[in-house]
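Structure record follows, encoded as structure tokens.
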Amino acid sequence: MKPLLTTLVLLLSIASNLAIAQRVAPVKGPPALSCGSYTEARINEGTLGPNSIHYFSWVQGYLSGYNNYAKYPIVVVPEMAGIAKFLDKYCTDNPMARVANGIDSLLAELGGYKQPYLNK
């Protein structure tokens, strides 16, 4: 009976970790789009185009909101150029990912939360 219980606990633990790893947080706006869409907008209009500014403004707001509620806030919310550089590389490396995954990676890189489902 004990080996069966141990096996069951192990399987449930693995299943819960897989659920966390595949978690997709609900988001609205630019982060819900694919990195491919982001990259296309950046190629077509550059850093100062309306879609690019929309992306970067959203990220700055998200990071500012994180700082407002985080127990351990990040030190600096990057300017648009820093966000662009990070997301450009992330989305080039991960074209099928969502922009939200790139933003989570940026937040982790800045010293914010570290979640097991981050792509990079």
For this session: Going by C-beta contacts inside 10 Å, put M80, M96 in order with the fewest on the left.
Result: M96, M80
Exercise. Taking other Cβ within 10 Å of each residue's Cβ, how do K85, K28 sort, fewest first?
Worked result: K28, K85
Problem set entry | Computed lengthening from K89 to S34, 0.36 nm per intervening residue step minus Cα-Cα distance | 18.4 nm
Problem set entry | Potential lengthening between V76 and E109 on full extension [0.36 nm per residue; Cα-Cα distance subtracted] | 10.7 nm
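No lab work stands behind these numbers, since they all come straight from the coordinates. Keep in mind it's a predicted model, so treat the numbers as computed, not measured. With ideal geometry, Cβ positions are generated from the backbone for all residues, glycine too; neighbour counts draw on all protein chains shown.
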